[in-house]
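Written out below as structure tokens is the structure these notes cover.
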Amino acid sequence: MINKRLLIKNLLAHNDESSFYDKKRQLNLHSREGKAKFLKHICALSNSNPTNNSYIVVGVEDHDNEIVGDDFFDDSRIQNLVNAFLENPPKIQYENVPFPNLPKDKVIGLVTIKPKSKISYFKKGIHTIVANSVFIRRGSNSVPVEEREVEKNYQNTETVIGIENSSRNSIEYTLDGVIDFMNFRHKDMSPKYKVFKELFVICWAGVPNKSRDKTFLSRVDIELINEQIKLFYSAQDVVTITFDEDSFTILEYVPLGLNDKTSYYPLEQQTIHFFDNGYYKIDREILFQPPEFNRKMLYHIYNSNIALLGKLQKGVALSNREMIDLENLPSTFMICYLNGFEDAKQKLIDAKLLLKPFTQVYLSFKEALRILRKMKYDV
């Protein structure tokens, strides 16, 4: 088993960006430009590494390798994005890796691109990238080439395998991880742990809240300690956790409502299955059925939100009532989008800089986009 935190350290220490490794300050998958850049690097790394894994590290300053972190990123639909645009798409995995010096809400993202012998290319265009474009890595750059210019490259295999072997987990790393989670990072949240198959250790913590005779957890943090990956995190989530001897299940709910009437709707169920041979797999199932609201009322709310953003843009001071409406704006825009207001999602994305000065509103903004991204990537 590879300790992903150690793997990231070894990647940062061993090489600058190269033909098997790239680093980013952050990913922006809300815009077509951001998606295009991400897909270009996936395509290039895959074509330049047909026999070994390649990696993208997210949350690192480019000029000095400082580990600054990025938001927890739910990867459950990111493969769909790759499949939608690339022919012969590689299998990719996005993992959230906690680091001791980062705040609880920040992680380092690790994108693993699995080896694949066939050449990847864009089957349709996006942003400035045209259909049939092919990319490879030359040093630290992803560059376009003709398909006939792509040659099999085996020079990275030995180097990458060496880095991965030096990042193997140990009992010491596992114990250190459990102690850090239980005694330091979450000591005030009744943290718990469970060992599966005498090998895997999951730690979790959250604040219990009772609603209509059911107990939910909020501010939930769940980690698979062996690999130092964060399985789940959100500052405003609502989840339930169940487990048996072979599996661990996270059921996430999304609170939605208007006029202070909030109900909890099942969003996604994530189950980690553990096996005796030291293997595990994660199954995800989207359960969400959007609630329908009165369309006339939604038109009124939608237009009120547009007017509210207009006041922010002009620097007009908001009343107490308008501040309450602002706090609900991300959630109500999401409700509007789920009820057929197609522009509502883009209006919300465009409002990012206006909402950022309001800490709680900005948290709600990021949560709304996380939920919408989980449902579907706009491709």
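The values are calculated or read from the model by the stated rules, or taken from the named source; none is laboratory data. Note that the structure is predicted; figures quoted are calculated from it, not measured. Because the Cβ atoms are built from the backbone with ideal geometry, glycine has one as well, and the counts that use them run over all protein chains shown.
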Seminar exercise, completed: Quick count over the range 131-166, residues being out of contact with any Phe, Trp or Tyr (no Cβ under 6 Å at 6 or more places or on another chain), assigned to a strand (DSSP E or B) and either without any contact (Cβ under 8 Å) to a residue 24 or more places away in the chain or surrounded by fewer than 14 Cβ atoms within 10 Å (Cβ to Cβ) (or both), is 4
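Return yes when SER166 is more than 21 Å from VAL58 (Cβ to Cβ) and either of a type in the set (Gly, Ala, Ser) or under 25 Å from the mean Cα position of the chain (by Cα) (or both) and no when it is not.
Working: more than 21 Å from VAL58 (Cβ to Cβ): yes; either of a type in the set (Gly, Ala, Ser) or under 25 Å from the mean Cα position of the chain (by Cα) (or both): yes.
In short, yes.
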Problem set entry | Where TYR302 falls short, out of the listed (1) under 27 Å from the mean Cα position of the chain (by Cα); (2) surrounded by 13 or more Cβ atoms within 10 Å (Cβ to Cβ); (3) over 26 Å from GLU268 (Cα atoms) | (1)
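The rows are residues; the columns are (1) of a type in the set (Gly, Ala, Ser); (2) outside any helix (DSSP H, G or I).
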site	(1), (2)
GLU245	no, yes
ILE250	no, yes
PRO255	no, yes
SER263	yes, yes
LEU267	no, yes
THR271	no, yes
ASP283	no, yes
GLN289	no, yes
LEU298	no, no
Exercise. Do we have LYS152 as in the same structural domain as LYS91 (by TED's automatic domain parsing) and either closer than 26 Å to LYS24 by Cβ or at pLDDT 95 or above (or both) here?
Worked result: no
Problem set entry | Output for the range 57-82, where each listed residue is at positive phi and either without any contact (Cβ under 8 Å) to a residue 40 or more places away in the chain or in contact with a Ser or Thr (Cβ under 8 Å, 6 or more places away or on another chain) (or both) | GLY69
Seminar exercise, completed: Of the listed residues (SER48, SER31, SER54), the one being hydroxyl-bearing (Ser, Thr, Tyr), in the same structural domain as ILE108 (by TED's automatic domain parsing) and either surrounded by fewer than 16 Cβ atoms within 10 Å (Cβ to Cβ) or in contact with a Gly (Cβ under 7 Å, 6 or more places away or on another chain) (or both) is SER31
Problem set entry | Of all residues making up the range 362-379, the number that are crowded, with 19+ Cβ neighbours inside 10 Å and either touching a Pro at 6+ places or on another chain (Cβ under 6 Å) or β-branched (Val, Ile, Thr) (or both) | 4
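Would you mind finding the one in LEU175, LEU256, LEU199 that is under 30 Å from ASN328 (Cα atoms), not basic (Lys, Arg) and not assigned by TED's automatic domain parsing to the domain that holds HIS14?
None of the other options fit; the residue is LEU256.
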Problem set entry | Per-region count, the range 218-243, residues assigned to a strand (DSSP E or B), hydrophobic (A, V, I, L, M, F, W, C) and touching a Gly at 6+ places or on another chain (Cβ under 9 Å) | 4
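A quick yes/no check of all residues on (1) small (Gly, Ala, Ser); (2) outside any strand (DSSP E or B); (3) modelled with pLDDT under 90; (4) surrounded by 18 or more Cβ atoms within 10 Å (Cβ to Cβ):
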position: ILE179; (1), (2), (3), (4): no, yes, no, no
position: ASN183; (1), (2), (3), (4): no, yes, no, no
position: SER190; (1), (2), (3), (4): yes, yes, yes, no
position: TRP204; (1), (2), (3), (4): no, no, no, yes
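Right, SER234: loosely packed, with under 14 Cβ neighbours inside 10 Å, touching a strand residue (DSSP E or B) at 6+ places or on another chain (Cβ under 9 Å), closer than 25 Å to SER190 by Cβ and touching a residue at least 24 places away in the same chain (Cβ under 8 Å) or not? Steps first, please.
Numbers: loosely packed, with under 14 Cβ neighbours inside 10 Å: no; touching a strand residue (DSSP E or B) at 6+ places or on another chain (Cβ under 9 Å): yes; closer than 25 Å to SER190 by Cβ: yes; touching a residue at least 24 places away in the same chain (Cβ under 8 Å): yes.
Answer is no for this residue.
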